Amino acid sequence: MDKNEAKQLNLIAKKLFRSHYDGCGNSDPNNCGACALLTGNEEGPNYAGWGRVFVEAERPIPSKWRMAFYDELASENEAYRKKLDESVREFGVRWI
Ligand SMILES: [Zn+2]
């Protein structure tokens, strides 16, 4: 991954955390992607590819989602898993 691609992925991922629809009230994880990324029990957010979004946004992952994140790293979707690995190498993983 070159610096330009990393910068683009970082901007896109950060934007996803801010992209609430008007009127979601920051509390509609079933219909709002940004809310979904910030919500979830130990299974992690109900948002496809959330592991990549957190890593690429350089956003700390709540420790309650640690096992769910390990599941992301072991995803059976090989294309996703390779992209996530690449992003982890580029951005690292932060925990909170
Ligand atoms: Zn929202």
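Tabulated values for the structure
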| read-out | value |
| --- | --- |
| First in the range 13-27 and closer than 24 Å to PHE91 by Cα, second anywhere and within 7 Å of the ligand (Cβ to nearest atom), Cβ under 6 Å, 6 or more apart | PHE17/ALA34; SER19/ALA34 |
| Cross-chain or 6+ apart pairs with Cβ under 7 Å, the range 31-55 first and at pLDDT below 95, then within 14 Å of the ligand (Cβ to nearest atom) | GLY40/ASN46 |
| Within the range 1-48, tally of residues that are over 20 Å from ILE96 (Cβ atoms), crowded, with 17+ Cβ neighbours inside 10 Å and away from the ligand (no atom under 16 Å from the Cβ) | 1 |
| Neighbours by Cβ (under 9 Å, 6+ apart or cross-chain): first from the range 56-83, at negative phi; second at pLDDT below 95 and surrounded by 15 or more Cβ atoms within 10 Å (Cβ to Cβ) | PRO62/GLY40; LYS64/GLY40; TRP65/GLY40; ALA68/GLY40 |
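The values are calculated or read from the model by the stated rules, or taken from the named source; none is laboratory data. It should be emphasised that the depicted structure is a prediction, and the values quoted were computed from it without experimental measurement. Quick reminder, even Gly has a Cβ in these numbers, built from the backbone with ideal geometry, and neighbours come from all protein chains shown.
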